[in-house]
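Shown next, in structure tokens, is the structure this report addresses.
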Amino acid sequence: GAVVSQHPSWVICKSGTSVKIECRSLDFQATTMFWYRQFPKQSLMLMATSNEGSKATYEQGVEKDKFLINHASLTLSTLTVTSAHPEDSSFYICSAQRTPNTEAFFGQGTRLTVV
Amino acid sequence: AQSVTQPDIHITVSEGASLELRCNYSYGATPYLFWYVQSPGQGLQLLLKYFSGDTLVQGIKGFEAEFKRSQSSFNLRKPSVHWSDAAEYFCAVVPTDSWGKFQFGAGTQVVVTP
């Protein structure tokens, strides 16, 4: 199989604090991971592409200093929302692929609520 | 510009009735095509996907989809819906030269009535 796991499944944090979300490929090594965001009652939008060992590539309009992405190993990518604000409250979901030009698989998502 | 369109934001269907969800795409070359379902507060579950070959694709939970190149469509169908099919359905595409980068449609909310 191709299992991708995110942790935590949900998190509540205070405004101004930072929160880290992990995305792990459990049974395969992922050279590339992707991060998406889904605002309430909206579709999913790609935020950034993360390649192991290199800097992430952010989509237009996504603040790279606010959404720090690290892909330090072939099985783990992290998304850190820095100085979170209520408008960052969203559902964040990652996907992972073994190699470029292969199918990507989604994690179960993380619901972030900033109060 | 590349786009994925789900024309129906909301569909209400009676339990036992048939369901069809529409999806149209606009891409230079035919992309890979997917349908996902999302229950409230949950992640995405893959229903089916189309890469090539037979244009009628069978998926899980009794769903099927038909790829029509001439119409740039990939509509999802189920002959008889169950109350548990109430959810949000997303059509998604991946360009064949950019594997992994999904572009999602806006979604269709399906409500099932008794």
Does A:Ala30 meet the test of being within 13 Å of another protein chain (Cβ to nearest Cβ) and in a loop (DSSP other than H, G, I, E, B)?
-> yes
Per-region count, region B:1-56, residues closer than 30 Å to B:Pro114 by Cβ, among the hydrophobic types (A, V, I, L, M, F, W, C) and within 15 Å of the chain's Cα centre (by Cα) = 11
When you look at B:Ala92, is it of a type outside the set (D, E, K, R), free of Cβ contacts under 8 Å to residues at least 60 places away in the same chain and within 14 Å of chain A (Cβ to nearest Cβ), yes or no?
-> no
Residue set B:Ala106, B:Ala92, B:Ala65; condition in a loop (DSSP other than H, G, I, E, B) and hydrophobic (A, V, I, L, M, F, W, C); output residue B:Ala106
What strands (runs of 3 or more DSSP E) completely inside region A:47-98 contain at least 1 residues that are touching a residue at least 60 places away in the same chain (Cβ under 8 Å)?
-> A:76-81, A:90-97
Can you tell me which residue within region A:33-55, out of those that are more than 13 Å from the chain's Cα centre (by Cα) and more than 10 Å from chain B (Cβ to nearest Cβ), is nearest to B:Gly41 (Cα to Cα)?
-> A:Pro40
Please work out which one of (1) surrounded by 15 or more Cβ atoms within 10 Å (Cβ to Cβ); (2) within 28 Å of A:Thr110 (Cα to Cα); (3) away from chain A (no Cβ under 13 Å) is the condition B:Phe67 fails and give its number.
-> (2)
Unmet criterion (only one of (1) more than 13 Å from chain A (Cβ to nearest Cβ); (2) surrounded by fewer than 19 Cβ atoms within 10 Å (Cβ to Cβ)) for B:Lys78 = (2)
So, in region B:75-94, of the ones that are under 13 Å from the mean Cα position of the chain (by Cα) and of a type in the set (Phe, Trp, Tyr), which residue ends up nearest to B:Asn24 (Cα to Cα)?
-> B:Phe90
Failed condition for B:Ser72, given (1) on the phi < 0 side of the Ramachandran plot; (2) polar (S, T, N, Q); (3) more than 11 Å from the chain's Cα centre (by Cα) | (1)
Determine whether region A:9-24 contains at least one residue that is outside any loop (DSSP other than H, G, I, E, B), under 24 Å from A:Val114 (Cα atoms) and more than 14 Å from the chain's Cα centre (by Cα).
-> yes
Among strands (runs of 3 or more DSSP E) entirely within region B:9-54, at least 2 residues that are of a type outside the set (Lys, Arg) and within 13 Å of another protein chain (Cβ to nearest Cβ) occur in B:32-38, B:44-50
Complete set of residues in region A:56-115 that are more than 14 Å from chain B (Cβ to nearest Cβ) and of a type in the set (D, E, K, R) | A:Glu63, A:Lys64, A:Asp65, A:Lys66, A:Glu87, A:Asp88
Among A:Ser73, A:Ser77, A:Ser54, A:Ser43, which is the only one that is under 25 Å from B:Tyr89 (Cβ atoms) and either at pLDDT below 95 or surrounded by 15 or more Cβ atoms within 10 Å (Cβ to Cβ) (or both)?
-> A:Ser43
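The values are calculated or read from the model by the stated rules, or taken from the named source; none is laboratory data. A quick note: this is a predicted structure, and the numbers were derived from the prediction, not measured. Positions of Cβ are backbone-derived with ideal geometry, glycine not excepted, and every protein chain shown enters the neighbour counts.
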